[in-house]
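The values are calculated or read from the model by the stated rules, or taken from the named source; none is laboratory data. Please read these numbers as outputs of a predicted model, since none were measured by experiment. Every residue, glycine among them, receives a Cβ derived from its backbone with ideal geometry; neighbour counts consider all protein chains shown.
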Amino acid sequence: MSFLATMNRERLVRGGLLGIMLVVVVTLILYVLQGPSRRIPAVSVSVLPQNADAGLREFSFVESKEGQVDWKIHAKEAQVFDADSKAILKDVVVTLSDARGLQMTVEGDDGTINTVSKDFVLSKRSGDLALVFEDGYTIYTPRLAWVNIERRFWTDEPVRITGPNRMEVTGQGMDTLLTTREMRIRRDARVEVH
């Protein structure tokens, strides 16, 4: 091969690498500027008034449809803020039922519930929540939000899903629709069978 052909080939390779680096940098800049499409509200008392309207021990909240319990929340402690339609919860257990009657349970250290929309957010101070489905699936994530009207769990946090068939799915962010039992990982999805 001639000297000129080798030089042109090196320039072409360098130009290609430079182009790839430019695309990656632009993509990262756009991602940082745009941010996640949805954010889970932080479980924090700093945005609420300092004085709760009520402080309760053994707080329970039940949502039912057509005479059947759809889901229930139980907390060892709660601070209720009537003006904001919110309750801040400590040591929380949530039990839900899907359309087929299968139950799932999740326990968290902290939570908030909107007492009007019945949306809630749960989190662990350390480690992951474990949303345990009665049929053997478990979703692990540090923070989880529930949209009541859509019957949907979601998070922007890292997620790990395990199943009875020795399958493990990991990724970043998730949507789970209870009506259809559909789980979608938003990005960086990876599936392993052990």
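Would you kindly identify the strands (runs of 3 or more DSSP E) lying entirely within region 138-181 that contain at least 2 residues that are in contact (Cβ under 8 Å) with a residue 40 or more places away in the chain, more than 19 Å from Val93 (Cβ to Cβ) and within 8 Å of the chain's Cα centre (by Cα)? Working first, answer last.
Working: elements: 138-141, 143-147, 152-162, 167-177.
Result: 152-162.
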Given the criteria in contact (Cβ under 8 Å) with a residue 24 or more places away in the chain and part of a loop (DSSP other than H, G, I, E, B), does Ala52 qualify? yes
Which one of the conditions (1) within 16 Å of the chain's Cα centre (by Cα); (2) within 30 Å of Glu58 (Cβ to Cβ) does Ser97 fail to meet, given that it meets all the rest? (1)
Conditions (1) surrounded by fewer than 18 Cβ atoms within 10 Å (Cβ to Cβ); (2) at pLDDT 90 or above; (3) under 30 Å from Gln79 (Cβ atoms): number failed by Arg143: (1)
Looking at (1) out of contact with any Lys or Arg (no Cβ under 8 Å at 6 or more places or on another chain); (2) modelled with pLDDT of 90 or more, which one does Met104 not meet, given that it meets all the others? (2)
May I ask you to verify whether Thr105 is part of a strand (DSSP E or B), surrounded by 16 or more Cβ atoms within 10 Å (Cβ to Cβ) and either among the polar types (S, T, N, Q) or on the phi > 0 side of the Ramachandran plot (or both)? no
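Going by the conditions given, is Gly55 under 28 Å from Ile161 (Cα atoms) and either surrounded by fewer than 17 Cβ atoms within 10 Å (Cβ to Cβ) or of a type in the set (Gly, Ala, Ser) (or both)?
Criteria not met by Gly55.
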For the list (1) in contact (Cβ under 8 Å) with a residue 40 or more places away in the chain; (2) in contact with a Ser or Thr (Cβ under 8 Å, 6 or more places away or on another chain), I need the number of the one condition that Asp128 fails. (1)
Condition check for Ile113: touching an Asp or Glu at 6+ places or on another chain (Cβ under 8 Å) and crowded, with 18+ Cβ neighbours inside 10 Å: yes
Going by the conditions given, is Ile88 in contact with a Ser or Thr (Cβ under 7 Å, 6 or more places away or on another chain), assigned to a strand (DSSP E or B) and in contact (Cβ under 8 Å) with a residue 40 or more places away in the chain? yes
What number of residues within region 148-190 are loosely packed, with under 15 Cβ neighbours inside 10 Å, hydrophobic (A, V, I, L, M, F, W, C) and within 23 Å of Asp110 (Cα to Cα)? 1
